[in-house]
Amino acid sequence: MKVLVTGTDGYIGTVLAPTLMERGHVVVGLDTGFYREGWLYNHGMLPRPLCINKDIRQLQSEPLNGFDAVVRTVLHGSVFCTLAVGRHLLERKAPGSIVSVVTTYAWTGTGFALPSACAKAGVLAMTRSLAVEWGDAGIRLNAIAPGPIPTEGAWSRLIAFPEAEKNTLERIPLGRFGTPEELANLAFALHPEL
């Protein structure tokens, strides 16, 4: 099966994509190129996925900064990719499934992460709206909202000091952070055919 994985340049994508390839799927990776260029995992053990790298910064004329950078990367990138995949499926009258990764604070809000909270809430609204719109065509849309998962990109901004990490852990019933592997397993649970 061919699987499109967006955000493949981020830490979670670098776990999800190789897991899919290990299971025998052809992975098409799509990323904005915002964090860094290229695929930095695989360690030569698996074939390199087909990678489309589009730098989201090319979509505007002014320099990226804070709020705008996050919203353009997370929300706009998710909308553009989801609409492109949806149109592809609709034109072919083919069933399909799209899984978006949001965050628990898309519902609750959180301090010091306004751009991310706004962008992820937008992705959640898109997922709900398109699930209703495309459901009759056999296209399923789901959103996964994990709790905190330490990743290279987000962690330094969201958990900037040891006290913040301690406070966050105290609010998690399991008393630990999630892992990218657990998130990948959740995506697989939604799609047993993978």
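The values are calculated or read from the model by the stated rules, or taken from the named source; none is laboratory data. Given the structure is predicted, the values throughout are model-derived calculations rather than measurements. Ideal geometry is used to build each Cβ from the backbone, glycine not excepted, and the neighbour counts take in all protein chains shown. Protein only, heavy atoms only, side chains kept; ligands, DNA and RNA dropped before computing areas. Shrake-Rupley method; radii C 1.70, N 1.55, O 1.52, S 1.80 Å.
The set of residues in region 149-173 being at pLDDT 85 or above and in contact with a Ser or Thr (Cβ under 9 Å, 6 or more places away or on another chain) consists of I149 alone.
Every residue, every condition in (1) open to solvent by less than 20 Å² (accessible area, probe 1.4 Å); (2) closer than 23 Å to F188 by Cα; (3) of a type outside the set (K, R); (4) at pLDDT 50 or above, yes or no:
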| position | (1), (2), (3), (4) |
| --- | --- |
| M1 | no, yes, yes, yes |
| Y11 | no, yes, yes, yes |
| L46 | no, yes, yes, no |
| P49 | yes, yes, yes, no |
| T82 | yes, yes, yes, yes |
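Scanning region 160-194 for residues that are surrounded by 11 or more Cβ atoms within 10 Å (Cβ to Cβ) and in a loop (DSSP other than H, G, I, E, B) yields A160, I172, F177, G178, T179, H191, L194. Among residues of region 104-128 that are within 13 Å of S78 (Cβ to Cβ), those with a Cβ under 9 angstrom from a residue that is among the charged types (D, E, K, R) and open to solvent by less than 60 Å² (accessible area, probe 1.4 Å), sequence gap 6+ or separate chain, pair up as A106/K120; A119/R72. Which of the residues that make up region 155-178 are of a type in the set (F, W, Y) and over 17 Å from G13 (Cβ atoms)? The answer is F161, F177. Sub-9 Å Cβ pairs linking a first residue in region 80-92 that is in contact (Cβ under 8 Å) with a residue 12 or more places away in the chain to a second residue that is open to solvent by less than 70 Å² (accessible area, probe 1.4 Å) and of a type in the set (S, T, Y), at least 6 apart or interchain, are T82/S100; T82/T127, ordered by first then second residue.
Once region 102-133 is narrowed to residues that are open to solvent by 40 Å² or more (accessible area, probe 1.4 Å), modelled with pLDDT of 90 or more and of a type in the set (A, V, I, L, M), the residue that is nearest to R171 (Cα to Cα) is A125.
Residue-by-condition table, conditions (1) under 17 Å from the mean Cα position of the chain (by Cα); (2) of a type in the set (A, V, I, L, M):
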{"site": "L90", "(1), (2)": "no, yes"}
{"site": "Y105", "(1), (2)": "yes, no"}
{"site": "T127", "(1), (2)": "yes, no"}
{"site": "L141", "(1), (2)": "yes, yes"}
{"site": "F161", "(1), (2)": "no, no"}
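Can you confirm whether region 144-154 contains a residue that is farther than 21 Å from G13 by Cα, open to solvent by less than 50 Å² (accessible area, probe 1.4 Å) and not acidic (D, E)? The answer is no; no qualifying residue exists.
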